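Right, one structure below, let's go through it.
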Ligand SMILES: [Zn+2]
């Protein structure tokens, strides 16, 4: 039975255009939250990719990076920047570049996945063994599960709960250790399609978080609903218990002048290149098998539950993990649009069955309850899904 009687707090659903169109250059559709299309049908991520490969002067950008780092680099070997991440190909690349190419002294910080995969854990260990200090933080296992359970139904995505902590942790560490400079890898909003508010800016203001990361729905609403439904006890929803999911108080961040910069602003961001780089320098290994729902083997490998994040994206927006992988590989010139389309047709929306029992066990729900939530979000998307034949069928596919 649905815990919240068919209610959703995912405000992104309201903004999906009724008429589904696909980018004429890549494979993404106009259903992706915050993406925009020009009058020729080209998406904002393809526009940025064109600038990235043809317009931006990367030598100039690197000079800006060196200027920035020169202002922060410590002289006694103490930490001078924070690099959050799992030790996968992207954060591994950023940390290694900062330390070995630019002479910085990064403290790397990791927000643990819901459930580590073997390959994710191996890559994490290999990363710190390649020469990095690391703080690994596991959230409270009871509360994190409960939050994920409520978010699965109310946000239609359990994984956003991980995302909040992942984003906030670096700033907690920044305040705790007095290290103002934080380096994230890429701006997903700019690289993969989303808000272009911060295009042409190396950093993002903390004030932007509520807009981009909570996507219009607050954690408080989530915990209050969870309390009403009896998932949380009153004691559990006291605000301080969830401090890792919020940024630290703004006055604390301003006191140390905390700054978050994207490495992708300063150096051309090509995920495949990050893979080759970390395979050579930080012991990163791709999975021997492709990830379910896509054809790739080297992205987002750490968490046994992340296949469900992509699957829910497919249910709510009609675009899944293969769309996301193919879109940026087309933009980076690794595959053609035709190849991308056939990969999307082949893999997009494939059900992540490998870790299904563990996912159910993690959220403490049964299979029936799982499908009720999936059906709920399909029912909320009549412009995407049709059930007149008795089976759910996606109405539109990229052509
Ligand atoms: Zn595009």
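Only the coordinates and a few stated rules stand behind these numbers; no lab work does. Quick caveat: nothing in here was measured; it's all calculated off a predicted structure. For neighbour counting, all protein chains shown are included, and Cβ atoms are generated from backbone atoms with ideal geometry for every residue, glycine included.
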Among (1) surrounded by fewer than 21 Cβ atoms within 10 Å (Cβ to Cβ); (2) within 30 Å of residue 7 (Cβ to Cβ); (3) touching a residue at least 12 places away in the same chain (Cβ under 8 Å), residue 99 falls short only on (2)
Is there a residue in the stretch 57-67 that is within 17 Å of residue 137 (Cβ to Cβ) and in contact with a helix residue (DSSP H, G or I) (Cβ under 8 Å, 6 or more places away or on another chain)?
no
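Just for helices (runs of 4 or more DSSP H) wholly inside the stretch 124-214: which have at least 3 residues that are touching a helix residue (DSSP H, G or I) at 6+ places or on another chain (Cβ under 7 Å)?
In the stretch 124-214, 141-154, 159-177, 188-191 are the helices (runs of 4 or more DSSP H) which contain 3 or more residues that are touching a helix residue (DSSP H, G or I) at 6+ places or on another chain (Cβ under 7 Å).
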Kindly provide the set of residues from the stretch 349-399 that are in contact with a strand residue (DSSP E or B) (Cβ under 9 Å, 6 or more places away or on another chain) and part of a loop (DSSP other than H, G, I, E, B), ordered by number.
349, 384, 387, 392, 395, 396, 397, 398, 399
Can you pull out the helices (runs of 4 or more DSSP H) entirely within the stretch 1-117 that have at least 1 residues that are within 16 Å of the ligand (Cβ to nearest atom)?
44-50
